[in-house]
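As structure tokens, the structure follows; a few thoughts come after it.
Throughout, read-outs are computed from the coordinates displayed, never taken from laboratory work. Nothing here was measured: the structure is a model prediction, and the numbers come from that model. With ideal geometry, Cβ positions are generated from the backbone for all residues, glycine too; neighbour counts draw on all protein chains shown.
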Amino acid sequence: MGRMILPKSTIGIVGGGQLGKMLAQAAQMLGYKVVIWSEEEDCPACRVTASTIIGPYTDKDKLEEFTKQVDVATVETEHIHLSVLQGIERQIPLYPSAEIVGIAQNRQKEKSWLAEHHFPVVPFQIAYSIEEIILFKKQIDADVVVKTITGGYDGKGQLRLSRTDIDQEQRSTLSKWLSSEDGLIVEAWLPIQAELSVIAARNIDKNIASFPVVENEHRNHILHQTIAPARIEKKATDQARQITETLMEELDYVGLLCVEFFYDQEGKIYINELAPRPHNSGHYTLNAAVTSQFEQTVRAICNLPLGETSLLSPSVMVNLLGELWPINVEKVVSEPEVKLHLYGKKEAREKRKMGHYTILADSIEKAMDKADSIYISLLESQH
Ligand code: ADP
Ligand code: MG
């Protein structure tokens, strides 16, 4: 068995958002020290750690300062320049590796890697002009979605086009993207029965543990709620878990990975994208699984034995986005069974993830009903 990085050691986290915050809290629970490197002062993760480094990721002095204090590092976002990740990796262990984060941060590399390794992905192409996008639409005779190769998240950098026409506004968005990006991804818009995700961890000793498959409901391309476990046939959930574990082995992955899947109307599954870090669809594990995805990340990168991944109860997690602000907190906390998590962000903006809540119940239906009624009452109390 390989060496464990034991509690009292220091874990460095690049990124200071809510994922960094919850990861830091899990590391502290196990007795680790945490250093957060964030580009923003007063970030959600900065509030829970004594030790923070604030400054651009491209600042070499900050990189020195970070790696000197840290025994092992990880990221809470994939959107960090590859050269910075490589710089960290030259000094200290970084999990997942720079190479893997480099694949997940670039849709072209990600989709090409998946296709080359025979994982199921929807038909796609790299397009360098509007004409090529239109041609691809014609060839597949279906609606498409155009995505920027880098920088996209929560539906940003995405445009859906109908199979038939393309309007002036869409043309100008595409022209703008094409002038600043070296190519765009254009992919078939899939008629989806459900969106699924699998979160799994692999430690340095190559042990793997995956969480149950969950169902994700998006609104306006952003996650609205996660239903755990997914209400789909076992054949498909087994397949999704198997694909995830095979993928981790082929990447020689260390750390926590989320694989987002599409489950189409014929019951086929496709990989949508990879997130090399804790994922919004795993937040339910904080309250409804034996081990949380955050604790599991710490266990994987420190080479501890992985924690039990089974569910304590069916559950539903609902995101609270900035448009709900100012939120009626009294209303949420007066529901005794609600597990509320607020990230402590300074400012509420539209589409910004400000918090979430999780409901546990003895059936998925009951959890969904309760989650819905709270959400509706929050919407109503805005007016
Ligand atoms: P992000 O990085 O913003 O999460 P995704 O590629 O996961 O980007 O897209 C966000 C959401 O948009 C997906 O979860 C899904 O709801 C929808 N979507 C994206 N691509 C497709 C597609 N090819 N077919 C159907 N829905 C899609
Ligand atoms: Mg996604």
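Please get the size of the charge dipole for the range 165-317, origin at its Cα centre, with Cβ charges of +1 on Lys and Arg and -1 on Asp and Glu, quoted in debye to the nearest 20. Write out the running numbers ahead of the final one.
Values: 12 positive and 22 negative charges, 99 e Å.
Here the size comes out at about 480 debye.
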Exercise for review: With label points built 7 Å along Cα→Cβ from the Cα atoms of Q265 and D42, find their separation and express it in nm.
Suggested key: 5.0 nm
Exercise for review: Rounded to the nearest 0.05, what FRET efficiency do D362 and M29 give with R0 = 25 Å and r taken as the Cβ-Cβ distance? Could you check?
Suggested key: 0.35
**Study point:** Taking the C-alpha atoms of the range 264-383, convex hull volume expressed per residue in Å³
**Key:** 162 Å³
Exercise for review: Pull out a ≥ b ≥ c, the square roots of the eigenvalues of the alpha-carbon gyration tensor of the chain, then state rounded if a/c is under 1.5, prolate if not and a/b is larger than b/c, and oblate in the remaining case.
Suggested key: rounded
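Given a cut-off of 23 Å, name the pairs among K21/K339; K60/K111; K137/K351; K138/K235; K60/K147; K268/K353 whose C-alpha atoms lie farther apart than that in the structure shown.
On the way: K21/K339 17 Å; K60/K111 31 Å; K137/K351 29 Å; K138/K235 34 Å; K60/K147 32 Å; K268/K353 31 Å.
Too far apart for the 23 Å limit: K60/K111; K137/K351; K138/K235; K60/K147; K268/K353.
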Practice item. Give me the aspartates and glutamates in straight-line cross-link reach of K68: C-alpha distance below 20 Å, same-chain residues under 8 apart excluded. Key: E39, D59, E76, E89
Study note, to complete from the structure: the chain, Gaussian network, Cα under 10 Å: of G255, G155, G282, the residue fluctuating most is G155
Check your understanding: Taking Rh as the Kirkwood radius, which is the inverse of the mean 1/r over Cα pairs, what is the Rg/Rh value for the range 2-51?
Key -> 0.99
Review point. Between rounded, prolate and oblate, where does the range 333-383 land on the alpha carbon gyration tensor, with a ≥ b ≥ c its root eigenvalues, rounded for a/c under 1.5, else prolate if a/b exceeds b/c?
Key: prolate
Review point. Assigning unit charges at the beta carbon (Lys, Arg +1; Asp, Glu -1) and nothing else, what dipole magnitude in debye, to the nearest 20, does the chain show about its Cα centre?
Key: 600 debye
Study note, to complete from the structure: The set of cysteines in the chain having no other cysteine's C-beta under 4.7 Å reads C258, C302
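If I take every Cα pair under 8 Å that is 6 or more residues apart in the range 139-214, average their sequence separation and divide by the length, what percent do I get for the relative contact order?
Working: 82 pairs, mean separation 22.9, N = 76.
Dividing the mean separation by the residue count of the range 139-214 yields 30 percent.
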Practice item. For the chain, build the charge dipole from Cβ charges (+1 Lys, Arg; -1 Asp, Glu) around the Cα centre, then report which of G282, A194, A73 sits farthest towards its positive end. Key: A73
Exercise for review: Identify which of R202, R349, R277 has the largest mean-square fluctuation in a Gaussian network model of the chain, with springs joining Cα atoms closer than 10 Å.
Suggested key: R349
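Normalising by the residue count of the chain, find the relative contact order in percent from Cα pairs under 8 Å and 6+ residues apart.
Values: 792 pairs, mean separation 53.6, N = 383.
This gives 14 percent for the chain.
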**Study point:** Computed over the range 265-344: relative contact order in percent, which uses C-alpha pairs under 8 Å that are six or more apart
**Key:** 22 percent
Practice item. Go through P56, S179, I5 and say which Cα lies farthest out towards the positive end of the charge dipole of the chain; charges sit on Cβ, +1 for Lys and Arg, -1 for Asp and Glu. Key: I5
Revision key, fill the gap. Which of T226, T150, T297 fluctuates most in a GNM of the chain (C-alpha springs under 10 Å)? That residue is T150
Practice item. Give the peptides 111-119, 245-253, 14-22 in descending order of average Cβ contacts within 10 Å, highest first. Key: 14-22, 245-253, 111-119
Practice item. Could you give the size of the charge dipole of the range 121-253 about its Cα centre, using +1 on the Cβ of each K and R and -1 on the Cβ of each D and E, expressed in debye and rounded to the nearest 20? Key: 260 debye
